[in-house]
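Student: I am attaching a structure below and will ask some questions about it afterwards.
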There are 4 protein chains.
Amino acid sequence: MSLTTERGQSAQDIFYERVGADHLAPLWRHPEMNMMKEPRPRALPHLWRYETIRDTMMEAGRVVTAAEAERRVLLLVNPGLDAKAPVGSLAGGVQMVMPGEVAPAHRHTPTALRFVLESKGGAFTAVGGERAAMEEGDFIITPSGQWHDHSNEGDAPVLWLDGVDVPMVRFFEAVFADNYPEPLHPLTRDEGDALARYGNGLLPVNWKPAGHHSPLFRYPYARSREALSRLQKAEAPDACTGHKLRYINPATGGDAIPTMAAFLSLLPGGLQTARYRSTESAIYVVAEGRGRSVIGDVTLDWGPRDIFVVPSWTWASHAPQGDAVLFNYSDRAAQQKLGLWREERG
Amino acid sequence: MSLTTERGQSAQDIFYERVGADHLAPLWRHPEMNMMKEPRPRALPHLWRYETIRDTMMEAGRVVTAAEAERRVLLLVNPGLDAKAPVGSLAGGVQMVMPGEVAPAHRHTPTALRFVLESKGGAFTAVGGERAAMEEGDFIITPSGQWHDHSNEGDAPVLWLDGVDVPMVRFFEAVFADNYPEPLHPLTRDEGDALARYGNGLLPVNWKPAGHHSPLFRYPYARSREALSRLQKAEAPDACTGHKLRYINPATGGDAIPTMAAFLSLLPGGLQTARYRSTESAIYVVAEGRGRSVIGDVTLDWGPRDIFVVPSWTWASHAPQGDAVLFNYSDRAAQQKLGLWREERG
Amino acid sequence: MSLTTERGQSAQDIFYERVGADHLAPLWRHPEMNMMKEPRPRALPHLWRYETIRDTMMEAGRVVTAAEAERRVLLLVNPGLDAKAPVGSLAGGVQMVMPGEVAPAHRHTPTALRFVLESKGGAFTAVGGERAAMEEGDFIITPSGQWHDHSNEGDAPVLWLDGVDVPMVRFFEAVFADNYPEPLHPLTRDEGDALARYGNGLLPVNWKPAGHHSPLFRYPYARSREALSRLQKAEAPDACTGHKLRYINPATGGDAIPTMAAFLSLLPGGLQTARYRSTESAIYVVAEGRGRSVIGDVTLDWGPRDIFVVPSWTWASHAPQGDAVLFNYSDRAAQQKLGLWREERG
Amino acid sequence: MSLTTERGQSAQDIFYERVGADHLAPLWRHPEMNMMKEPRPRALPHLWRYETIRDTMMEAGRVVTAAEAERRVLLLVNPGLDAKAPVGSLAGGVQMVMPGEVAPAHRHTPTALRFVLESKGGAFTAVGGERAAMEEGDFIITPSGQWHDHSNEGDAPVLWLDGVDVPMVRFFEAVFADNYPEPLHPLTRDEGDALARYGNGLLPVNWKPAGHHSPLFRYPYARSREALSRLQKAEAPDACTGHKLRYINPATGGDAIPTMAAFLSLLPGGLQTARYRSTESAIYVVAEGRGRSVIGDVTLDWGPRDIFVVPSWTWASHAPQGDAVLFNYSDRAAQQKLGLWREERG
């Protein structure tokens, strides 16, 4: 197989050249198309200290006006990735709205979730004509295709973690987006309407879902935290995951968002979790407490509001100092629907 | 076709006689097997005045001991039916537990639902190791196969409406029942555990359903009523059903009980509902307010805690005096699963 | 508790009299409302010899005209039941259409299934504008609400087993029925359309289901039998049920009919099945072969086309002579949806 | 906002430099993270002539041994993409197995589908212990996690289109793969077992799914084509899509593969389809006939076995010469599960 032409090119060379011109590629020449024995994630375990994020955000507040920024978001950038994202399949960032500012109304097919990091009151997210207060620890979703905006009528900045499925929706080339002509979308229902209507174990008798997402869009921390405390009293923690709750769509029991799973877990003081890994790419934020995690071969110490990443198929274990509460979101919701999700207990 | 034998019997007579002996029956001789153009329910519209029920119950309390009665239940008997039931497919009754009494622990494949009519505090239903307070307006389920008991540690009798799917489960010849060896089943979880765990828009991450029923077993009236009030503020009432909510299983979005649907509806003062009928057989109880219903050709005036029946495929309309709240349960959950449920707006 | 009034009536007597007048009934006086430890079915194990049915049908053909009968159906009557039905929840019968006759078009909310017992060709069932040949062993459904008729263009009578959910639909008081103005409903699609469209592992891309039933309405015996033969070659039979297949709705994987499950099973020669019972009430018909069954304490010998009943929660075991094929239908589809179905292996 | 430091760097420059070092990125500096009004696919409409593919493959057969290639696959490379793939979310290629050759057994979490382009008999795909003949037009799946191999016992090469969800599974970093120690996995069931068992409108009574894919793994062209012909006779074609069938999982009614939808459509001669676009990225192959498509602003003429791409959200219309049959696969199955799929009729 080493016939050489006059011009010094081998028959293989000529062949491979022509093949490329025909927009074909021999599989055996593209080892990158081969499959690996198991995932080798490109994302690295990494932690973002909240203090750093906050200081940077405050400085950004001096350097850039809200109008210039449109939305004051600092994207989390994984050191292992080229993309401006914490993991390959999901985006993440920290967003701030200063007193009196507005993050203007728009809508898009990607869905965003918010976990409120710092709020002194007066901050709101509005979704589809209803606004909800943003209090610390609240989990809030702005579903695919729904008009939403944020505003701050209080005296102090509000900051939250943004999780967005943009990389996934972009991967499928299915992103649509629109800006609303006014800064704020009109309000058509009272605050608390969705929570009262869908969050009490009932549904309106002729209700039809407006999409794949939960009709609840705010999950108040007070209620979520109460659920965790009850679990803690009632049973022993799971050796790998502690007491872990999944945010659901109460009209289906499925994930609150079709693409991103979200969880709140309590790691009781004294627990050193057993090693665990799964194929999901996860972004964690510390809701309460301090502790240390070993993720792959990296050790990370964390405190309130710090953010860290557990990449796909990477062994992780956690040791809280005293009780700790972690929020996390991941691509597990999508992976389970597609039959891809897998976990292993060490 | 009128050949007559010597003995005076026609050939048909002889034939029909022999057929019966062979355990066969000609369809054309059994018009009762023929199908009707539309349902002609045997159950009649009927109202039970709460005062009557309560007086009777109190007298029963003098005439019969709790031990003799095992459970102090007055069954609702529809005047149109032979069975001791308010409608053909479901049973119903009013149960009372006197201070210090216990309705002892048992379990059975039929499921029961409770709507609390009168409670001064101190009354409990325990299901599967967790007990819940019974407060007025609470909706409580004791699901198929789960140990349950009732007790009254207060100073006043507690009374509630019982809805049970016994006729349905008996129709399928699938009734199993057991008594627990002790009056009360041991408690293994704190009060409020299920509501905290399953009623806040989250589910434990590895949770698996224990059956077809909701993992919530108490739906507190305060929360249900709040949901109704919010609906009332947010939108116009449906012309036929007012503001109507369905009790759901938050892990599926389906009915809280697989066989019986349950609803809470608010009829705003001034509304005269349009005529409506469906194939479900429904038992209503007045949670709040007064009003008048026309059901078929019967007019019924109702006040707090009165109970009335709307039979299958019977036109009904309602006129509250001021805002009224009605609870109702029906066989709609089963009918929808079996593809039988149908409704018509007049 | 034995106070006696002047008129000789006890206080209890007076009380119970008044209670009845108020359309109430004390649960403790109605032991029939109490629940049993386990089902005690009223239906008895029973076998109908096909020869008897056929002879009777032929005689009926002489005694009654088709017009008089409208449909020539001999109902199967369980000796343990008052109703003209083989089991409590389902009706069953054998229907015959003579050459040149028509069973005229009608529709009704109850669903019927047919298992063809005897056909020499030329017989048809039409459903919703498409007709299908009725060949021996075919399983055919006439779903809830669909116009259907039967006709016989051949030279010999066609006979089939009818299974109908009339008792169930009547229990829910949800029976609607209509006669079509003409004997036969017009045909709008070619024979075989549904089987080609829905029976080959594909579905039209924008197809929406017309109800809860399978879009397939004929399951040809040749295909079902081939499936059984393959199972027999590929694996060992189940100790209780042999090789057993369930007729499904290929658009959902659920039962072909929402209320009635239907099965075809092959009992290999030499197998003596282990004892088995479940809460379903089942009607069996012998598609091929001979054998003996012990059902409860009754022993039944069966041959081709004989029909027999296995009541709810009754131990049954079967011993075929050589390979035997049994068709059966039951209320299992409904019971599973309602969370009632239970089985036990002996 | 243009303060300049002594070293000539603006405060903004300094800020942005430091932000990057902290692994943060201001959203407002990354317009590529912004969302577009609608998808602008990177993939281009493109057609691969089968003759070119086949000639290239034959030449590859001379230049590279089967052992060197392991699998003789020519990947389809979209001119608009860097990746060796026809569209962004899915891979595609043409695979050939020469007489006497084997594509050795392996398994992987990505799922592959095959559409057989050229076969003179004797070629087989084996999946999980059962092998199936590969005949022209057959649709065959090798599901996630199942051992599979291909072999050719005939006298002529067999060629097929491969569709694989590798880019999607890789996007989620969930690829696992294994090679089997022998070239061929042992056969444990007869040929045709799955089709008989799952493809006839029945399911084994205690069957449990082994994953998210269809238990059918071969959909013979004879059956699929018959379904198309019947549709053509029975109804008018859809103005945009002609007569179009979706390959389903008969145990759920969902797509045969959880990630990739597959379709077979018949465009009747004389039809000029109306413009249509959707968010799916689709790869078409011509099963029968000739025609012309306008995709975006590109016109493509196609004949038997030619392959072409319709990118996301790109208007396409088709004009067959005489009846034509097209097979296509796309990421629609994934998009619908994730709530992303959208279509528009022109």
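The values are calculated or read from the model by the stated rules, or taken from the named source; none is laboratory data. Small disclaimer: the values here were computed from a predicted structure and weren't measured. In this analysis, Cβ positions are derived from the backbone assuming ideal geometry, glycine residues included, and neighbour counts consider all displayed protein chains. Heavy atoms of the whole protein, side chains included, go into the accessibility calculation; ligands, DNA and RNA do not. Shrake-Rupley method; radii C 1.70, N 1.55, O 1.52, S 1.80 Å.
Student: Averaged across orientations, what area in nm² does the convex hull of the alpha carbons in segment B:201-346 project? Don't jump to the answer; show the numbers that get you there.
Tutor: Details: hull surface 36.9 nm².
It is 9.2 nm².
Student: While we're looking at this one, here's another question. Using the C-alpha atoms of segment C:129-259, what convex hull volume per residue, in cubic angstrom, is computed? Please report the intermediate quantities before stating the final value.
Tutor: Numbers: hull volume 21.3 nm³, N = 131.
Spelled out: Cα convex hull of segment C:129-259, divided by residues, is 163 Å³.
Student: Between B and D, which B residue has the Cβ nearest their rotation axis, distance in Å?
Tutor: Closest to the rotation axis on chain B: B:K208, 8.
Student: Report the calculated FRET efficiency for B:A210 and C:I14 (r = Cβ-Cβ distance, R0 = 45 Å), to the nearest 0.05. Before the final figure, lay out the partial values.
Tutor: Working: r = 46 Å, r/R0 = 1.03.
For R0 = 45 Å, the calculated efficiency reads 0.45.
Student: Could you look at segment D:1-131 and say what percent of its accessible area is carbon and sulfur, using a 1.4 Å probe and all protein chains?
Tutor: On the way: 2800 of 5560 Å².
Using a 1.4 Å probe with all protein chains present, segment D:1-131 comes out at 50 percent carbon and sulfur.
Student: Can you run phi through the Karplus equation (6.51, -1.76, 1.60; θ = phi - 60°) for segment B:135-148 and list ³J(HN,Hα) in whole Hz, with x for Gly and Pro?
Tutor: Result, rounded to whole Hz: 10, 4, x, 5, 10, 10, 10, 10, x, 3, x, 9, 4, 8.
Student: Next up: Return the value, in Å² to the nearest 100, of accessible area buried between chains A and B (probe 1.4 Å, both sides summed). List each step's numbers first, then the result.
Tutor: Working: alone 17890 and 17960 Å², together 32610 Å².
Chain pair A/B: roughly 3200 Å² of buried accessible area.
Student: Taking the solvent-accessible surface of protein heavy atoms with a 1.4 Å probe, what is the per residue accessible area of segment C:172-299 in Å²? Walk me through the numbers before you get to the answer.
Tutor: Numbers: 4700 Å² over 128 residues.
Spelled out: the 1.4 Å probe surface of segment C:172-299, per residue, equals 37 Å².
Student: Let me ask you something else. Round to a whole number: what % of the accessible area of segment C:160-237 belongs to carbon and sulfur, probe 1.4 Å? Don't skip to the answer; put the middle values down first.
Tutor: Working: 1720 of 3150 Å².
Carbon-and-sulfur percentage of accessible area, whole number: 55.
Student: Straight-line reach from C:K337: which aspartates and glutamates have Cα under 17 Å away, leaving out those fewer than 8 places along the same chain?
Tutor: In chain and number order, the partners are B:D165, B:E173, B:D255, B:D331, C:D165, C:D255, C:E280.
Student: While we're on this one: With the label 7 angstrom out along Cα to Cβ, how close does B:E59 come to the same site in each of the other copies, in nm, nearest first?
Tutor: 5.8, 8.7, 10.4
Student: With a 10 Å cut-off between alpha carbons and a GNM built on chain C, which of C:G121, C:G201, C:G211 moves the most?
Tutor: The residue with the greatest mean-square fluctuation here is C:G201.
Student: In addition: Of D:I53, D:N249, D:S151, whose Cα points farthest to the positive end of the dipole of chain D (charges on the beta-carbon: +1 Lys, Arg; -1 Asp, Glu; origin at the Cα centre)?
Tutor: My answer, from the dipole projection, is D:N249.
Student: Any idea what the B:A11 label distances to the other copies are, label 7 Å down the Cα→Cβ vector, nm, shortest first?
Tutor: Output for B:A11: 7.1, 9.2, 11.3 nm, nearest copy listed first.
Student: How large is ³J(HN,Hα) for each residue in segment D:255-266, as worked out from phi by the Karplus curve 6.51 cos²θ - 1.76 cosθ + 1.60 (θ = phi - 60°), to whole Hz, x for Gly and Pro?
Tutor: Values, residue by residue: 5, 4, 10, x, 9, 10, 7, 9, 9, 10, 10, 10 Hz.
Student: With a 1.4 Å probe and all protein chains left in place, how much of the accessible area of segment A:294-346 comes from carbon and sulfur atoms, in whole percent? Walk me through the numbers on the way to the answer.
Tutor: Values: 760 of 1690 Å².
Using a 1.4 Å probe with all protein chains present, segment A:294-346 comes out at 45 percent carbon and sulfur.
Student: If I require 15 Å or longer along the helix axis, counting alpha carbons, and a Kyte-Doolittle average no lower than -1.0, what helices from chain B are left? Use full DSSP H segments. Walk me through the intermediate numbers first.
Tutor: Details: long enough: B:11-21 (16 Å, -0.15); B:50-63 (19 Å, -0.59); B:221-234 (19 Å, -1.02).
Membrane-span-like by this criterion, though nothing is claimed about a membrane: B:11-21, B:50-63.
Student: Using only the alpha carbon atoms of chain A, find the Kirkwood hydrodynamic radius as the inverse mean reciprocal pair distance, in angstroms to one decimal. Working shown, then result.
Tutor: Working: mean 1/r = 0.0457 Å⁻¹.
After inverting the pairwise mean of 1/r, the radius is 21.9 Å.
Student: A follow-up question, please. How would you rank A:184-192, B:190-198, B:242-250, highest first, on the average number of other Cβ atoms within 10 Å across their residues?
Tutor: Details: A:184-192: 14.9, B:190-198: 19.7, B:242-250: 23.8.
Listed from highest to lowest mean packing, they are B:242-250, B:190-198, A:184-192.
Student: Find the relative contact order for segment C:174-313 and round it to a whole percent, using C-alpha pairs within less than 8 Å whose residues are 6+ positions apart.
Tutor: Working: 155 pairs, mean separation 23.6, N = 140.
Reported relative contact order: 17 percent.
Student: Here's something else I'd like to know. Can you compute the charge dipole magnitude of segment A:82-179 about its Cα centre, using +1 on each Lys and Arg Cβ and -1 on each Asp and Glu Cβ, nothing else charged? Give it in debye, rounded to the nearest 20. Don't jump to the answer; show the numbers that get you there.
Tutor: Numbers: 6 positive and 14 negative charges, 43 e Å.
That gives segment A:82-179 a dipole magnitude of about 200 debye.
Student: Would you please give the FRET efficiency between C:M36 and D:D178, computed as 1/(1 + (r/R0)^6) with r the Cβ-Cβ distance and R0 = 45 Å, to the nearest 0.05?
Tutor: Working: r = 55 Å, r/R0 = 1.21.
The calculated FRET efficiency here is 0.25.
Student: Net charge within 12 Å of B:Y329 by Cβ-Cβ distance, Lys/Arg positive one each and Asp/Glu negative one each, not counting B:Y329 itself?
Tutor: Values: positive: B:R114, B:R246, B:R332; negative: B:D162, B:D165, B:D255, B:E280, B:D331.
Once all neighbours under 12 Å are counted, the net charge is -2.
Student: Further, regarding this structure: For a quick check, take a GNM of chain B with Cα springs below 10 Å and name the residue from B:A256, B:A174, B:A324 with the largest mean-square fluctuation.
Tutor: Evaluated over chain B, the most mobile residue of the options is B:A174.
Student: If you don't mind, another one. 5 Å is the cut-off here: which amide hydrogens, built 1.01 Å from N in the peptide plane, fall below it relative to D:L202, excluding neighbours closer than 5 in sequence?
Tutor: Distant-sequence amide H within range of D:L202: C:I248.
Student: Let me ask something else. Is there a simple number for the mean count of other chain Cβ atoms within 10 Å of the Cβ of residues in C:10-21, and what is it?
Tutor: Numbers: counts 1, 3, 3, 0, 2, 6, 2, 0, 4, 10, 1, 0.
Shielding by partners across C:10-21 averages 3.
Student: Please give the charge dipole size of segment D:1-107, origin at the Cα centre, charges +1 on K and R Cβ atoms and -1 on D and E Cβ atoms. Round to the nearest 20 debye. Could you put the intermediate results ahead of the total?
Tutor: On the way: 13 positive and 13 negative charges, 60 e Å.
Dipole about the Cα centre, nearest 20: 280 debye.
Student: Taking Cα pairs under 8 Å and at least six residues apart, what relative contact order does segment B:37-85 come out at, in percent? List each step's numbers first, then the result.
Tutor: Details: 26 pairs, mean separation 21.6, N = 49.
Across segment B:37-85, relative contact order equals 44 percent.
Student: Once you order the gyration tensor axes a ≥ b ≥ c over the Cα atoms, which shape class does the protein assembly as shown get: rounded for a/c under 1.5, otherwise prolate or oblate by comparing a/b with b/c?
Tutor: Since a/c reaches 1.5 but b/c is at least a/b, the shape of the protein assembly as shown is classed as oblate.
Student: Continuing with the same structure: When each copy gets a label point 7 Å from Cα toward the beta-carbon at C:Q232, what are the spacings between them in nm, shortest first?
Tutor: In nanometres, ordered from closest: 3.9, 6.4, 6.8.
Student: Continuing with this model, one more query. In what sequence, largest accessible area first, do C:E32, A:E153, B:E38 appear using a 1.4 Å probe?
Tutor: Values: C:E32 100, A:E153 120, B:E38 75 Å².
If we order C:E32, A:E153, B:E38 from most to least accessible, we get A:E153, C:E32, B:E38.
Student: Right, something else. Any idea how far apart C:A234 and A:R49 come out in nm if each label point goes 7 Å out from Cα toward Cβ?
Tutor: Label at C:A234, label at A:R49, 6.2 nm between them.
Student: Can you give the average number of partner chain beta-carbon atoms within 10 Å of each beta-carbon in peptide C:187-200, as a whole number? Before the final figure, lay out each step's value.
Tutor: On the way: counts 0, 2, 4, 3, 0, 2, 6, 2, 4, 11, 8, 5, 7, 18.
Per residue, the average neighbour count from other chains is 5.
Student: On average, how much accessible surface per residue is there in segment C:44-94, in Å², for a 1.4 Å probe, leaving out ligands, DNA and RNA?
Tutor: Values: 1770 Å² over 51 residues.
Per-residue accessible area for segment C:44-94 comes out at 35 Å².
Student: Under unit Cβ charges (Lys, Arg +1; Asp, Glu -1), what dipole magnitude, rounded to 20 debye, does the protein assembly as shown have relative to its Cα centre? Before the final figure, lay out the partial values.
Tutor: Values: 144 positive and 168 negative charges, 1 e Å.
Dipole about the Cα centre, nearest 20: 0 debye.
Student: Let me ask you something else. For the pair B:A222 and B:R29, how long in nm is the line joining their label points, each one 7 Å along Cα→Cβ?
Tutor: Output for this residue pair reads 6.7 nm.
Student: Residue by residue through C:223-232, how many Cβ atoms from other chains fall within 10 Å of the Cβ on average? Write out the running numbers ahead of the final one.
Tutor: On the way: counts 5, 4, 2, 6, 11, 4, 1, 9, 5, 0.
Whole-number average of other-chain Cβ neighbours for C:223-232 is 5.
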